Each structure stands twice: as C-alpha cells, then as structure tokens.
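The values are calculated or read from the model by the stated rules, or taken from the named source; none is laboratory data. Just so you know, these numbers come straight off a predicted model, no measurement behind them. When we count neighbours, we look across all protein chains shown, and the Cβ atoms used for this are built from the backbone with ideal geometry, even at glycine.
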Amino acid sequence: MKRLLICIALIFFNLTYSQVNKDSLLSVWQDEDKTNSIRLNAIDKLMRSYKKTQLDSAFYYAHLKLDLAQKKNIDLEVGRTHSYLGIKYHRNGKSTLGLEHLEKAEEILVPLNHKKALISLYTNFGMVYFDLKEFDKSIDYFTRNFRFDLNDSPEIARKTYTDLSPIYLEIGEYDEAVKCLKKAKALIKDGNKSALLANSGNFGMAYFYLEDYPKSLEYYNEALALAKELNRPFEIAITEVNIAETYFKQEHYAKALAANKRSLKLINDSEFHTVKPYVYNNIGEVYKGMLEYSKSIEAFEVAIKYGTLHSNDFELKRSKRAIYELYKLTGNYNKALKYLEEMVAAKDSLNEINTAKKLQKLEFDKERLKDSLQNEEAKLKTEMVHQAEVRKKDKNKNLALATGLFFLLISGGLYSRYRFTKKAKAVIEKEKDRSENLLLNILPAEVAEELKEKGEAEAQDFEMVSILFSDFKGFTGMSEKMSAKDLVGNINECFKAFDATMEKYNIEKIKTIGDAYMAAGGLPMNSKTSVKDTVLAALDMQDFIIKLHKEKEAKGEHAFEMRVGIHTGPVVAGIVGVKKFQYDIWGDTVNTASRMESSGEVGKVNISENTYDYIKDEPEFTFESRGKIKAKGKGEVEMYFVSLK
C-alpha cells in the first residue's frame with residue numbers, strides 16, 4: 001500500500017500541461033534550407049510533444065533527430081537524444097534498451113561537461129533506477145546534480161530535492177525525506193502554485209509515515225486547497241484519499257468516510273478508474289471500524305469487482321482477506337471458507353507474478369553483465385592494437401614486460417567476470433526451476449511442456465479416464481461446530497494426504513471445490529493399470545480417513561467421514577482461462593463420477609459398471625453388487641462397492 005500511495009501521489013502531483021503546434025514544427029523540420037540548429041530544435045520540440053499514449057511517434061521523431069545529429073557530428077544533440085530515448089524506452093517497458101541509450105548519452109555528454117544536458121541525464125538515470133528499486137544508484141545519480149553550481153538554477157535544485165524525497169520515503173528514511181522537502185520548499189519562487197502543490201502533498205505523505213497525523217493533515221489540506229485553485233480534479237481526488245487515510249489512522253471514521261466518498265465522486269467523473277479498487281477497499285475498512293459489517297462487506301465486494309476488471313491482484317487479495325475476516329468475525333464460516341480459498345488463490349497468483357518479476361530482473365542483470373563483458377573485450381582489443389604499435393616503435397624489454405603484466409591483470413579481471421557470469425547464470429537457472437515447479441503444481445508435466453514450447457496447449461480427447469470424486473459427509477453441519485482455523489486445518493490435513501496418494505499412484509489431481517476432491521487416472525498419459533491405480537488410490541483415501549476418524553474420536557475431537565465414487569469413460573481435457581488458469585476436464589463421464597460419489601456410502605468406494613468391467617478380473621479386489629441404483633439425472637445405474645481382499 002505504501003508504494004502505491006507514493007507512486008500515485010508523487011507522479012500526479014508533478015503533472016504538467018503543454019501544447020505545441022505540431023504542424024508548424026514539422027514544416028520547419030522538413031525545410032532543408034533551414035540551418036541544422038533550427039531544424040534540430042524543431043524536431044526536438046516535436047518528439048517531446050508526444051505523450052505516453054503516442055510513444056511510437058515520439059520514437060520515430062527522436063530517431064530522425066538522432067540520425068541528423070550523428071551525420072552532422074553535433075555531439076551535444078546526439079547525447080541529449082540518447083538521454084531522451086533512454087527514459088522513453090524505460091517507460092515503455094524496455095529497461096535494458098533504455099539504460100543502453102542512457103549510457104551512450106553519458107559517454108558523449110560527460111566529456112562535453114554541458115551542465116543542462118548532464119542534469120537532465122542524471123535525473124533520467126535516477127528515475128530509471130528508482131523504478132528498478134536500485135535505490136542506492138538512484139540517489140547517487142540524483143545527487144550528481146549538486147556537483148554543479150545551482151545558485152543560478154534554483155528550480156533544478158528544487159526538482160532534485162523533490163525527486164529525492166520519494167526515494168527516502170520508499171526506503172523508510174522519513175526524516176531525510178522531510179529534510180529534502182524543506183530544502184525544496186525554500187527554493188520555490190514567485191508563488192509557483194504547481195510546485196507548492198507537489199511540495200505540500202509530499203510533506204503530507206512524509207508526516208503520515210512519521211505518524212504525525214495532525215501535521216500530515218495540515219499539509220494535505222494545503223495541497224487540497226491548491227489543487228482546487230488550479231482545477232486539478234485527479235490531484236484533488238488523490239489528496240482526499242490521503243486525507244481519508246489519515247483520519248482513519250486517528251479513528252475519525254465519519255470524516256474518513258466523507259473524504260473517501262468525495263474522492264470517489266471525482267474518480268467516477270474522470271478516466272482514472274484504476275484507483276477504484278483501492279478507494280473501495282479503504283471505504284470497507286472504514287465501515288469495519290464503524291462496526292457496520294454488512295456495508296463493509298458490500299464495499300469490499302465492489303473493490304473485488306473493480307480489482308478483477310483492472311487486474312489489480314494486490315487489492316483483490318486485500319479485499320478477499322477482509323471479507324474472510326468479516327465472515328469469520330460474524331460466525332458465517334461457510335462464506336469465510338469460500339473467501340479463504342479465493343484469498344489463497346490470489347496469494348498464489350501474486351507469488352507467480354513476483355517470481356516472474358524476479359526472473360525478469362535476473363534476465364535484465366544478465367544482459368547488463370553481457371554488455372559489460374563485451375565492452376571490456378572491445379577495450380582489450382583496442383589496447384592490444386595500441387601495445388603492438390608501441391612494440392614496433394620501441395623494443396624496450398621493460399615496456400614489453402609491463403605490457404605482459406597489464407594483459408595478465410586484464411585477463412584476471414575478465415576471468416573474475418566470467419566466474420561472476422557463471423554464478424549469475426546459476427541463480428537464473430535456480431529461479432527458472434522454481435518457476436517450472438510452480439507451473440507443475442498447476443498443470444500436468446506434458447501440458448506444462450507444451451505450454452512453454454508453443455505458448456498454448458490444445459484441448460485433448462481421452463477415451464478411457466477414471467474420474468474420482470470424494471466428499472465429506474455432513475460437512476456443513478460440522479463447519480458450524482468448528483472454528484474457521486480448525487476447519488481449514490482439518491481439511492488441509494486430509495487433502496495433503498490425498499495429494500501424496502495421487503502422487504504414489506500417478507493419478508492427476510484436478511482440483512478441490514470446498515470439501516470435495518477431484519482427480520483423474522489415465523491422463524494426460526494413459527497406462528494399462530490406470531483404472532486399477534485409481535481404485536487403489538480411492539481405497540487408500542478411505543483407509544486414511546477411517547483411521548483419522550478413530551484417532552480424533554478417541555480424543556473427543558470432530559472428525560470427517562467420507563464418500564468416494566469412480567466412473568470410467570471418455571473426457572475432454574485442457575486449460576481454461578488466461579489469468580489463474582487451470583487444467584480441467586469435461587464430459588458426461590465427469591457428471592456420472594459425481595453421481596457415483598453422491599450415491600455411495602460413508603467409508604466405502606462406489607464404482608460404476610464401466611469401471612467394474614475394467615477391473616473385475618483383478619485378483620486383489622472383491623466386489624459387492626448393489627444392483628441398479630437411481631442416480632440424479634441418470635436414471636437407474638448399475639453400481640458396485642469395491643474393497644481389497
């Protein structure tokens with residue numbers, strides 16, 4: 001939540017608005033009779049006029065400018081354009097390419113020592129490294145601006161202090177953030193209200209994290225007044241959200257609710273709907289604090305609606321956890337269990353996302369290391385040529401010896417880099433293995449492999465699959481007698497044992513639905529023993545539950561009893577969904593297997609005639625014919641109880 005507040009508030013408090021005549025600039029650029037300086041200035045303004053939604057145009061004109069500046073050997077404009085492309089490519093999700101452009105700009109601009117261009121470059125570096133969470137590097141580049149005499153550039157100094165403040169907030173150095181903001185405020189000139197708005201909002205944030213809520217409110221109210229005066233609807237809305245948060249921390253729930261609702265009205269009237277899950281979650285927390293639980297649940301459910309719409313996994317997890325806790329608090333354990341399962345699923349989804357981000361970061365670091373090694377190799381080749389020329393002109397043995405030692409040192413450095421590269425690759429492989437294991441927890445190995453190779457997995461028909469269903473008897477009644485913690489603990493104990501049984505017999509677990517467990521034998525790879533193995537797995541499951549029931553009864557604890565049913569026949573199997581996808585199966589065979597379970601008896605394994613026909617000659621089984629039993633939606637169906645001899 002902290003990073004969300006910092007990113008939303010500080011980005012939008014620093015919005016600027018400008019308009020340029022693009023047609024006029026384009027005509028200047030296309031007029032080759034104009035001087036290079038005039039044309040470059042026009043194309044520079046044109047490329048900077050395109051915002052986030054028009055990056056293709058920005059890149060197009062930037063590369064036109066770069067080509068002309070390189071042809072005419074105008075190094076300053078080459079460097080400035082690389083700097084511009086660096087931040088733009090980073091904002092477009094291509095951080096490796098962005099840093100390459102920034103480094104090229106640094107190589108060109110540092111020797112020129114052009115103050116304005118270098119300050120812009122160091123600021124771009126600082127923003128990129130902040131987004132990459134490399135905060136030490138971000139601080140280093142921002143503070144390089146202070147190497148220049150900024151007495152004649154107070155606005156640059158103010159912006160640099162302002163840029164430093166969110167980094168210190170992010171790493172928890174709140175006092176340092178306050179110092180930067182005080183320095184920034186002292187540099188605001190001529191009543192610059194946009195600057196004052198950013199400064200007041202950031203001060204409010206800093207004092208919020210310092211838990212000085214009265215002072216935080218004082219600054220937020222200053223920011224609110226300025227945002228209204230400047231007619232900035234979104235900044236008004238975000239400031240209202242921050243004010244609501246501050247009132248909530250002080251348990252002034254009525255004021256917090258009013259501020260959240262004012263914010264929500266502005267957001268509803270604007271295009272910034274992605275903030276809705278966060279605001280509705282805040283409203284839910286306020287109603288909870290007011291002990292109005294039904295209204296609290298309603299607000300969290302709306303947050304789930306918008307969180308799903310905008311793929312905000314963090315806020316979805318927050319909503320579901322809150323609803324789970326509210327249902328648990330009010331004694332509605334069935335609904336609490338439902339949201340607990342959804343909350344766990346949301347957590348798994350976040351773990352997948354975080355793993356992917358870690359892999360992306362490692363790949364990024366690997367590319368950076370590769371580039372570094374290539375640069376070292378190029379430098380080494382250049383040095384070798386230079387030394388060869390020296391040896392031709394001067395055959396001094398001492399110089400030759402020094403050169404040899406130099407190459408030895410370089411080789412040692414390259415060897416060290418090589419070892420580091422191997423370690424980095426090992427880390428990347430480890431993260432990839434973790435990611436693959438996570439995928440294998442969701443999908444069968446063959447399906448996972450197909451998904452990795454092709455980016456998709458086709459649905460398949462299987463002619464002979466044994467579907468197993470289990471269900472606990474009287475689960476709803478028992479859930480009312482147990483705490484949510486004990487209930488989930490008991491279910492988890494059983495399902496962990498079932499998972500081990502499925503692995504033992506090479507049966508594919510499909511899913512759990514509440515207290516029901518579903519698995520399938522014979523897919524994605526069939527075998528001659530798949531039907532027999534599925535029945536053996538079912539008997540092991542019943543044996544585990546019967547023993548556990550006896551142990552818990554002896555201790556006076558609640559224990560489950562279970563029905564299990566199996567039917568064998570054709571199914572269709574495949575992946576459903578894009579987010580939180582899962583491997584699932586469909587067909588009449590699935591419905592019939594479910595009826596086998598519901599028509600069975602506690603402690604026994606009930607199988608259909610189809611399944612019986614496949615295993616009736618197996619010597620280790622004994623069968624009890626039940627005759628034709630009426631099954632819902634199926635009419636009368638031949639059924640058998642199966643057990644071990």
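Within the set of pairs 6 or more residues apart or between chains, which connect a residue that is without any contact (Cβ under 8 Å) to a residue 12 or more places away in the chain inside region 631-645 to a residue that is surrounded by 10 or more Cβ atoms within 10 Å (Cβ to Cβ) with Cβ atoms less than 7 Å apart?
Glu636/Lys628; Glu636/Ile629; Glu636/Lys630
Suppose we filter Ser416, Ser435 for residues that are under 33 Å from the mean Cα position of the chain (by Cα) and either outside the structural domain of Gln582 (by TED's automatic domain parsing) or modelled with pLDDT under 85 (or both); which single one remains? Quick ask: steps written out before the conclusion?
Numbers: Ser416 fails: under 33 Å from the mean Cα position of the chain (by Cα).
On inspection, the qualifying residue turns out to be Ser435.
Looking only at region 586-602, decide whether some residue is closer than 30 Å to Asp313 by Cα, without any contact (Cβ under 8 Å) to a residue 60 or more places away in the chain and of a type outside the set (D, E, K, R).
yes
Rundown of residues vs (1) surrounded by fewer than 17 Cβ atoms within 10 Å (Cβ to Cβ); (2) at pLDDT below 90; (3) more than 23 Å from His114 (Cα to Cα); (4) touching a strand residue (DSSP E or B) at 6+ places or on another chain (Cβ under 6 Å), yes/no style:
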| site | (1), (2), (3), (4) |
| --- | --- |
| Leu40 | no, no, no, no |
| Lys52 | yes, yes, yes, no |
| Ala58 | no, yes, yes, no |
| Asp75 | yes, no, no, no |
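Where in region 528-645 are the strands (runs of 3 or more DSSP E), entirely inside, with at least 1 residues that are under 40 Å from the mean Cα position of the chain (by Cα)?
562-576, 582-586
Looking at the structure I just gave you, is Val302 of a type in the set (A, V, I, L, M, F, W, C), in a helix (DSSP H, G or I), outside the structural domain of Tyr213 (by TED's automatic domain parsing) and farther than 22 Å from Leu337 by Cα?
When the stated conditions are applied, Val302 does not pass them.
Checking Lys634 against (1) surrounded by 14 or more Cβ atoms within 10 Å (Cβ to Cβ); (2) in contact with a strand residue (DSSP E or B) (Cβ under 8 Å, 6 or more places away or on another chain); (3) of a type outside the set (Gly, Ala, Ser), which test does it fail?
(2)
Limited to region 103-121, what total is found for residues that are of a type in the set (Ser, Thr, Tyr) and either assigned to a loop (DSSP other than H, G, I, E, B) or surrounded by fewer than 13 Cβ atoms within 10 Å (Cβ to Cβ) (or both)?
Of the residues in region 103-121, 0 are of a type in the set (Ser, Thr, Tyr) and either assigned to a loop (DSSP other than H, G, I, E, B) or surrounded by fewer than 13 Cβ atoms within 10 Å (Cβ to Cβ) (or both).
Please count how many residues of region 64-92 are free of Cβ contacts under 8 Å to residues at least 12 places away in the same chain and under 38 Å from the mean Cα position of the chain (by Cα).
Total meeting the criteria: 1.
Just to be sure, is Ser527 in contact (Cβ under 8 Å) with a residue 12 or more places away in the chain, assigned by TED's automatic domain parsing to the domain that holds Ala559 and under 23 Å from Val602 (Cβ atoms)? Explain how you work it out, then say what you get.
Values: in contact (Cβ under 8 Å) with a residue 12 or more places away in the chain: yes; assigned by TED's automatic domain parsing to the domain that holds Ala559: yes; under 23 Å from Val602 (Cβ atoms): no.
Criteria not met by Ser527.
Please identify the pairs in which a residue from region 250-265 that is touching a residue at least 12 places away in the same chain (Cβ under 8 Å) has its Cβ atom under 7 Å from the Cβ atom of a residue that is not in a helix (DSSP H, G or I), counting only partners at least 6 apart or on another chain.
From region 250-265, the pairs are Tyr253/Met290.
For region 469-494, enumerate the residues that are touching a Lys or Arg at 6+ places or on another chain (Cβ under 9 Å), assigned to a helix (DSSP H, G or I) and among the aromatic types (Phe, Trp, Tyr).
None - no residue of region 469-494 is touching a Lys or Arg at 6+ places or on another chain (Cβ under 9 Å), assigned to a helix (DSSP H, G or I) and among the aromatic types (Phe, Trp, Tyr), so the list stays empty.
Here is a list: Glu155, Glu170. Which entry is in the same structural domain as Asn221 (by TED's automatic domain parsing) and surrounded by fewer than 16 Cβ atoms within 10 Å (Cβ to Cβ)?
Glu155 is the lone residue from the list that is in the same structural domain as Asn221 (by TED's automatic domain parsing) and surrounded by fewer than 16 Cβ atoms within 10 Å (Cβ to Cβ).
Only one of Asn606, Asn591 is buried (at least 19 other Cβ atoms within 10 Å of the Cβ) and not acidic (Asp, Glu); which?
Asn606
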